[in-house]
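The values are calculated or read from the model by the stated rules, or taken from the named source; none is laboratory data. What you are looking at is a predicted structure, and each value in this text was computed from that prediction instead of being measured. Cβ placement follows ideal geometry from the backbone for every residue including glycine, while neighbour counts extend to all protein chains displayed. The protein model used for the area step is the full one, side chains on, heavy atoms only, and it has no ligands, DNA or RNA in it. Shrake-Rupley method; radii C 1.70, N 1.55, O 1.52, S 1.80 Å.
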Amino acid sequence: MYLFETMRLENGKILRQNYHFQRMQHASLQLNIPFSPTRWLSCIDDLTSMYPSGLYRTKVILDESGQMDYECHALPHTKEMTARLVKMSEDTPDWHRLYKTSNREYLHHSKESDLILLYDKANKILEFDIGNMVLQFGDAYYTPPFNHDFLSGCMRQFLLDRGLIQTKYITVEELKHVLAKGGQLWMINSLREWVPVILIK
């Protein structure tokens, strides 16, 4: 098992870097994994110096022994994605949901759609398999409230901190109703930022 952060490297700068740092540091403390801020900064320095221009997907990996490594690949533009609703298994351990680790079996799906949009036994909308959910209706942007039931993403927190989105409890039925009335579904994450999503059956 390992922790990881997937980040957007754009023209030599890693966006929302401090959010990613704080999330990995917090997760390492909770999971009792050694974490070196010095090694983190060294990885960031390597990445930003080697890729001073262009758009890249970077991944910093922290294994259980405290060793840290990174990957970097070109990031293509994502215009739109499709998603299906999938009920979250009640057997999914809390720590699988809360921390970004390599234990992500609960997110595997048949690929009949680009994404899956998870909901719980109470029909509360939770998150996409690769990011958080935002539901737009008019000028309002809503994301589900965090109740230790999904991975709270860096982009989500960044937008909440700036007052650009707000939290609202959203059920499956409410989601479908808003979309039928002309609302827009978005997948947000720190890598791709804002991606429009079409919900399919």
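Computed quantities for the displayed model
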quantity: Karplus-derived 3J(HN,Hα), 6.51/-1.76/1.60, for each residue of the range 119-133, Hz, glycine and proline x; calculated: 9, 9, 5, 8, 6, 6, 5, 10, 6, 7, 5, 10, x, 8, 10
quantity: Area accessible to solvent at SER65, 1.4 Å probe radius, in Å²; calculated: 80
quantity: Length added when fully stretched, HIS26-ARG39, from 0.36 nm per residue minus Cα-Cα; calculated: 3.1 nm
quantity: Proximal charge balance of ILE116 [Cβ under 11 Å; K/R count +1, D/E count -1]; calculated: -1
quantity: Within-14-Å neighbourhood charge of THR78 [Cβ basis; K, R +1; D, E -1]; calculated: +1
quantity: Accessible area (Å², 1.4 Å probe, nearest 10) - ASP69; calculated: 90
quantity: Answer label for Rg/Rh (Cα atoms, Kirkwood Rh) (calculated), chosen among (1) 0.97; (2) 1.03; (3) 1.06; calculated: (1)
quantity: Theoretical gain in end-to-end length, LEU179 to MET1 [0.36 nm per residue, Cα-Cα removed]; calculated: 60.3 nm
quantity: In the range 1-79, the trypsin sites (Lys or Arg not before Pro) that fall in loop regions by DSSP, at most 13 other Cβ within 10 Å; calculated: LYS79
quantity: Top of THR78, THR58, THR171 by mean-square fluctuation, Gaussian network on the chain, Cα under 10 Å; calculated: THR78
quantity: Mean ellipticity per residue at 222 nm, deg cm²/dmol - from DSSP H runs of n ≥ 4 across the chain, formula -39500 (n - 2.57); calculated: -7500 deg cm²/dmol
quantity: Heavy-atom accessible area order for ASP91, ASP114, largest first, 1.4 Å probe; calculated: ASP91, ASP114
quantity: Of all accessible heavy-atom area on the range 1-117, the percent that carbon and sulfur account for (1.4 Å); calculated: 46
quantity: Cα centroid separation - the range 138-183 against the range 48-64, whole Å; calculated: 29
quantity: TRP194 accessible area, 1.4 Å probe, all protein chains in place, Å² to nearest 10; calculated: 80
quantity: Accessible area expressed per residue, the chain, with surrounding protein chains retained (probe 1.4 Å, Å²); calculated: 51
quantity: For the range 144-152, Karplus couplings with θ = phi - 60° (6.51, -1.76, 1.60), whole Hz, Gly/Pro x; calculated: x, x, 8, 10, 6, 10, 7, 7, 7
quantity: Largest-first ordering by accessible area, 1.4 Å probe, given options PHE128, PHE158; calculated: PHE158, PHE128
quantity: Distance between modelled label sites at ASN123 and ILE198, nm, 7 Å Cα→Cβ extension; calculated: 2.6
quantity: Chain lengthening between LEU160 and LYS111 when straightened (0.36 nm per residue, less Cα-Cα); calculated: 14.6 nm
quantity: In nm, spacing of pseudo-spin labels at ALA74 and HIS148 (7 Å Cα→C-beta vector); calculated: 4.5
